[in-house]
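The values are calculated or read from the model by the stated rules, or taken from the named source; none is laboratory data. Please read all numbers here as calculations on a predicted model, not as lab measurements. Methodologically, a virtual Cβ is constructed for each residue, glycine included, from the backbone with ideal geometry; neighbour enumeration extends over all protein chains shown.
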């Protein structure tokens, strides 16, 4: 609904202005953030900021525009559901969090599309689009220049205390009486990793500076506390070329220092497609490649994933494989689950070679450093690291996850690399036991789609000493 008509621009004028920008301008939403971003020549910065400010503060959401987007949404949802690799992570979240908080759908349910109208959109924007929730960040532009442009377009955007208790987002006790201007980045911040890391998995948080309690409660946690439930779901669809299986466990949120180690575990497990161009630097020596993909031709894809949020995360493995049908000699989900459970059990019960651990740590650090080459990724990470903080580690999965975190400093790359260097075989095994070991109290989440269900998944996990709460 954005980049359309506003109070100051018609739809045609907005389209003409975005075309004249000579770059890329976009808006993307996830479970915990919505981001507006433009990549353009330096001289186009004033126009880019004015377009973003206009669509953020003055969008009209006319009935005609809403109706047109309803049809577009229906089409996109049908396309989304036809791609298991995109759709099943949504099902995984729904089952893991019992359809609440993080289990709410990222895509609008089809039956609710017609309920969305101009008033609902304007009310939602009024509730959530507040100065104390916003960050303006720039890369390749002088700090003072960005401050002046931002003040020009956003200074009238005032804080209005919310009337809904759970949306009370006052940054500090006196904020209800004092309007808050958007937060502008301070100059001289060191570099860190960037958004190419969204194609993976893990995130970092450094607790050297503690966020204020009122900020943490109001901005960081506007929703109810997450209640991970776990469980099992099967979607019968014999029309699929491949069957799909997901095995997940609840992991720590972004505040927890264990995410450095969990990031290393994910890289160590690695994985990907059965055919992948590239050599060792592409993860071809990770465990899921060497232990599974190189031995079982019927498995098309197998990889580790990590979706991480403020106060919870989902860590696990997934596989796509040829089904066992009269026309193909493949496998069932019951056959594949033991392979996934076995790979997790190896981390719990067998020695981890130091050389293998060091390779995973170096691969993780190199991914972070290489991401510094992208300015568009740099600015997105930069914006989220100041009061809305986002870390991405690894670049091997197609999982885009975003994280809100209150922390008024930018953690330098050197500090994060040092945290990764501190990971040892003992700490790795300790974190593995916390997340999917035999003594955890919460059950796993198992989602499968295709020809056959997974059968007695709890017994399988117990047999391998994985997931004590199952």
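Yes/no matrix, rows are residues, columns are (1) closer than 25 Å to residue 424 by Cβ; (2) under 26 Å from the mean Cα position of the chain (by Cα); (3) at pLDDT below 80:
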position: 342; (1), (2), (3): yes, no, no
position: 350; (1), (2), (3): yes, no, no
position: 359; (1), (2), (3): yes, yes, no
position: 363; (1), (2), (3): yes, yes, no
position: 381; (1), (2), (3): no, yes, yes
position: 384; (1), (2), (3): no, yes, yes
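Here the range 439-454 is the region considered, the condition is being in contact with a helix residue (DSSP H, G or I) (Cβ under 8 Å, 6 or more places away or on another chain) and in a loop (DSSP other than H, G, I, E, B), and the residue that is farthest from residue 429 (Cα to Cα) is 452. For the range 226-245, which positions are crowded, with 24+ Cβ neighbours inside 10 Å and either without any contact (Cβ under 8 Å) to a residue 60 or more places away in the chain or closer than 19 Å to residue 462 by Cα (or both)? 245 - this is the single residue of the range 226-245 that is crowded, with 24+ Cβ neighbours inside 10 Å and either without any contact (Cβ under 8 Å) to a residue 60 or more places away in the chain or closer than 19 Å to residue 462 by Cα (or both).
If we scan the range 327-343, do we find a residue that is surrounded by 22 or more Cβ atoms within 10 Å (Cβ to Cβ), out of contact with any strand residue (DSSP E or B) (no Cβ under 8 Å at 6 or more places or on another chain), touching a residue at least 40 places away in the same chain (Cβ under 8 Å) and not in a strand (DSSP E or B)? Within the range 327-343, none of the residues are surrounded by 22 or more Cβ atoms within 10 Å (Cβ to Cβ), out of contact with any strand residue (DSSP E or B) (no Cβ under 8 Å at 6 or more places or on another chain), touching a residue at least 40 places away in the same chain (Cβ under 8 Å) and not in a strand (DSSP E or B). State all residues of the range 152-161 that are modelled with pLDDT of 85 or more, out of contact with any strand residue (DSSP E or B) (no Cβ under 8 Å at 6 or more places or on another chain) and surrounded by 14 or more Cβ atoms within 10 Å (Cβ to Cβ); if no residue qualifies, say none. Passing the criteria: only 153.
Could you tell me how many of the residues in the range 305-322 are assigned to a strand (DSSP E or B) and either closer than 17 Å to residue 338 by Cβ or at pLDDT below 90 (or both)? Number of matching residues: 7.
Checked against (1) modelled with pLDDT under 85; (2) more than 30 Å from residue 89 (Cα to Cα), residue 192 passes all but condition (2). Counting only helices (runs of 4 or more DSSP H) that sit completely within the range 11-94, those holding 3 or more residues that are at pLDDT 90 or above, buried (at least 18 other Cβ atoms within 10 Å of the Cβ) and in contact with a strand residue (DSSP E or B) (Cβ under 6 Å, 6 or more places away or on another chain) correspond to 45-57.
Can you say whether residue 303 is in the same structural domain as residue 234 (by TED's automatic domain parsing) and buried (at least 16 other Cβ atoms within 10 Å of the Cβ), as far as the supplied structure shows? Lay out the reasoning, then the answer.
On the way: in the same structural domain as residue 234 (by TED's automatic domain parsing): yes; buried (at least 16 other Cβ atoms within 10 Å of the Cβ): yes.
So residue 303 fits the description; yes.
Restricting attention to the range 123-144, the residues that are in contact (Cβ under 8 Å) with a residue 40 or more places away in the chain, over 20 Å from the mean Cα position of the chain (by Cα) and part of a loop (DSSP other than H, G, I, E, B) total 5. Of all residues in the range 254-279, those satisfying the criterion of being closer than 15 Å to residue 363 by Cα and modelled with pLDDT under 85 are 278, 279.
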